[in-house]
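Have a look at the structure below before the remarks.
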Amino acid sequence: MGTGKKERNRLSREGKTGSMDNVKIKGENFYRDAKKVRALNIRKDLGPRRNAEGKIVEAAKYQSREAPVARIEPNRKWFTNTRVISQDSLTQFREAMAEKASDPYAVLLKSNKLPMTLLRDGSDTPGLKQHRAKMMIQTSSFADTFGPASQRKRVKLDVSSLAQMAEESENSMDTYRERLEKARLLSGTDENNEEGGEDRVEVADPLSLAIEPVFQKGQSKRIWNELYKVLDSSDVVLHILDARNPEGTRCRAVEQYLKKEAPHKHLVFVLNKVDLIPTGVAAAWIKHLSKEVPTLDLNKAFHSSITNSFGKGQLISLLRQFSSLHKDRKQISVGLIGYPNVGKSSLINTLRGKKVATVAPVPGETKVWKFVTLMKRLYLIDCPGIVPPNAHDSSAEILLRGVCRIEKVDNPEQYMIPMMKKVKPHHLERTYQIKNWKDEKEFLEMLGRKGGRLLRQGEVDMDGVAKMVLTDFIRGKIPWFTPAPKAGTEDEKGETEVVEGRQGRLGEMPKKRKRNDDDGVSSASTPLTKSTVAKDVDENHNDEDDEEFGGFSEDDGPDDAEEAASADEDDMIPLEELSDSDDSSIDGEEHG
């Protein structure tokens, strides 16, 4: 059996016809079969074939200079601009796109191939302003800009007039005041009761003071590795916030990371422990947070409990909407993140209806991330509590957020003053049945003697009592909350408009009573202004029955109306416009 042309000629001479399957190709042998030889010939660049004189008979691949005859269509469009857009149209489109992008409730379903670099100027990029200023100083120094050695006839300025310069200065001042207001709200202090007003909130001392290791919990590398595992594996991120202090329990570093590195992931805020604050304050926080990130409204605000919870059905419905939104995915993973002890594991147990995650009233119970099956296409991911490091946070603020365990804190008595600034005095009196104390030391001493927390020679265990009070504060036995930055919207007259049916105070339970005709216009829901809510108040008083609210704790109450009015005069931290005189008049009617 020959190969190639030789074998083919032999068959033709002998007059044999048939298949050429048994004919070997050139290069086929014991080591290489025909398939391997063909593959090698395809990848081999054989080059041009030449005759005896050295002239190219057959050109190699891509060597031929023969080009086909081509002709351009005689059309004017080849000699004009293909796509033209004016600056006005571009500005209008940029504003419309920015409005849609800033809407927290809008979801991008499909993105077209657009020149996004023309639409995004990048002026809001962090550090861009400082970088431009640094580059400007390096390229054009002061000596090259002003004086006899100046290289420009006119100085290039960012503003064109003094009015524009004044406007930019006012805007920067407003931004600075907003930052101070956020810092004040984050600390939970009242600027009217503190000396110095808004000037009291200053930048932290540049000297880094040594703090106890217990205040660095939730900042280890292991915790952040667990966090990034959850973020990378999640399609939807539920940020659990403590309703008593939502701003203080926000992880802004995580929000910026998701916005910059993973904008395709959905971020949702969930207010937990809303049973510890008034409904009006919860509604104000929902309205404030919904401007930035989708937040579950008041009907969906969560109270984590396996047997007694509300908001469970609405949250599951929201997760099903995300599942139907991404039908192309086999499953949807929902990650739960937040500060320690805000109720992440409790929320998972509530959604499942049984205990699937370990919970405890102390922070740091969850050590590693954990997958939990909610439905066929929905999975929940539990994450350990994280505490983003912040140089402006003091030890007292970290402690009062429930980040660290109280029993491991040294000298807990020093944190009683910041705690008592967040709590009304009469709530401490109601909770511990102690009155007529002046400062925190006298309060701890009276409470220790009442509870029998004594040491040798009759001395009060101040540290033990302070730990007990701080634990009650964190676990919700002592009522407190942080008011929202803007409880309502101001109308033209500067008066505040309230949410209908949301004017109650902390712990107030409605009771039915028959209204006296001699009473004036008084309702349990005290109006924030005189004119905006007057119409609603009159309509409520046309009914036969009116609502009366009791106190927060289950005490027997004072003996007479005067003591009740004095006890409830400073009831809880009201909304901004709530006056003490209205509170006293209401409480007088309750016991009158």
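When you check ASP275 against the structure, is it closer than 25 Å to PHE473 by Cα, in the same structural domain as SER333 (by the TED database) and touching a strand residue (DSSP E or B) at 6+ places or on another chain (Cβ under 7 Å), yes or no?
Yes: the conditions hold for ASP275.
Looking at the range 367-385, which of its residues are assigned to a loop (DSSP other than H, G, I, E, B), surrounded by fewer than 21 Cβ atoms within 10 Å (Cβ to Cβ) and in contact with an Asp or Glu (Cβ under 9 Å, 6 or more places away or on another chain)?
If the condition is that a residue be assigned to a loop (DSSP other than H, G, I, E, B), surrounded by fewer than 21 Cβ atoms within 10 Å (Cβ to Cβ) and in contact with an Asp or Glu (Cβ under 9 Å, 6 or more places away or on another chain), then LYS367, VAL368, TRP369 are the ones that fit.
Is at least one residue of the range 434-451 buried (at least 19 other Cβ atoms within 10 Å of the Cβ) and either small (Gly, Ala, Ser) or free of Cβ contacts under 8 Å to residues at least 24 places away in the same chain (or both)?
yes
Among the basic types (Lys, Arg), surrounded by fewer than 18 Cβ atoms within 10 Å (Cβ to Cβ) and farther than 23 Å from THR249 by Cβ - does that describe any residue in the range 408-415?
No, the conditions are met nowhere in the range 408-415.
Consider the range 210-234. How many of its residues are over 22 Å from VAL268 (Cβ atoms) and loosely packed, with under 15 Cβ neighbours inside 10 Å?
Residues flagged as over 22 Å from VAL268 (Cβ atoms) and loosely packed, with under 15 Cβ neighbours inside 10 Å within the range 210-234 amount to 10.
Taking the criterion of being closer than 30 Å to LYS287 by Cβ, assigned to a loop (DSSP other than H, G, I, E, B) and modelled with pLDDT of 70 or more, would at least one residue in the range 89-103 satisfy it?
Yes, the range 89-103 contains at least one residue that is closer than 30 Å to LYS287 by Cβ, assigned to a loop (DSSP other than H, G, I, E, B) and modelled with pLDDT of 70 or more.
Return the residues of the range 54-82 that are in a loop (DSSP other than H, G, I, E, B) and under 30 Å from ASN41 (Cα atoms); say none if nothing qualifies.
Going residue by residue through the range 54-82, those that are in a loop (DSSP other than H, G, I, E, B) are 54-55, 59-75, 80-82.
Selection gives GLY54, LYS55, ALA59, ALA60, LYS61, TYR62, GLN63, SER64, ARG65, GLU66, ALA67, PRO68.
Would you confirm, using the coordinates I've provided, whether LYS344 is in contact with a Lys or Arg (Cβ under 8 Å, 6 or more places away or on another chain) and in the same structural domain as VAL254 (by the TED database)? Walk me through it before giving the result.
Numbers: in contact with a Lys or Arg (Cβ under 8 Å, 6 or more places away or on another chain): no; in the same structural domain as VAL254 (by the TED database): yes.
Here the answer is no, as LYS344 does not meet what is asked.
List pairs: first in the range 289-308 and within 19 Å of VAL236 (Cα to Cα) and of a type outside the set (Ser, Thr, Tyr), second modelled with pLDDT under 65 and crowded, with 20+ Cβ neighbours inside 10 Å, Cβ under 8 Å, 6+ apart or cross-chain?
LEU296/PHE302
Going by what's in this entry, would ASP205 be described as at pLDDT below 80 and in a loop (DSSP other than H, G, I, E, B)?
yes
Mind checking which residues of the range 125-157 are assigned to a loop (DSSP other than H, G, I, E, B), surrounded by fewer than 10 Cβ atoms within 10 Å (Cβ to Cβ) and not basic (Lys, Arg)?
Of everything in the range 125-157, those that are assigned to a loop (DSSP other than H, G, I, E, B), surrounded by fewer than 10 Cβ atoms within 10 Å (Cβ to Cβ) and not basic (Lys, Arg) turn out to be PRO126, GLY127, GLY147, PRO148, ALA149, GLN151, VAL155, LEU157.
Is there a residue in the range 22-36 that is under 25 Å from ARG8 (Cα atoms), of a type in the set (Ser, Thr, Tyr) and more than 60 Å from the chain's Cα centre (by Cα)?
yes
Scanning for something under 29 Å from the mean Cα position of the chain (by Cα) and assigned to a helix (DSSP H, G or I), does the range 422-437 turn up at least one residue? Lay out the reasoning, then the answer.
If we filter the range 422-437 for residues that are under 29 Å from the mean Cα position of the chain (by Cα), which is where we start, we get 422-423.
Checking which are assigned to a helix (DSSP H, G or I) leaves us with none.
Looking through the range 422-437, none of the residues is under 29 Å from the mean Cα position of the chain (by Cα) and assigned to a helix (DSSP H, G or I).
Could you list all residues from the range 28-52 that are out of contact with any strand residue (DSSP E or B) (no Cβ under 9 Å at 6 or more places or on another chain), surrounded by 10 or more Cβ atoms within 10 Å (Cβ to Cβ) and at pLDDT below 85?
Listed by number, the residues that qualify are ASN41, GLY47.
The values are calculated or read from the model by the stated rules, or taken from the named source; none is laboratory data. No experiment lies behind these values; they were computed from the predicted model shown. Cβ coordinates were reconstructed from backbone atoms using ideal geometry, including for glycine residues, and neighbour counts include every protein chain displayed.
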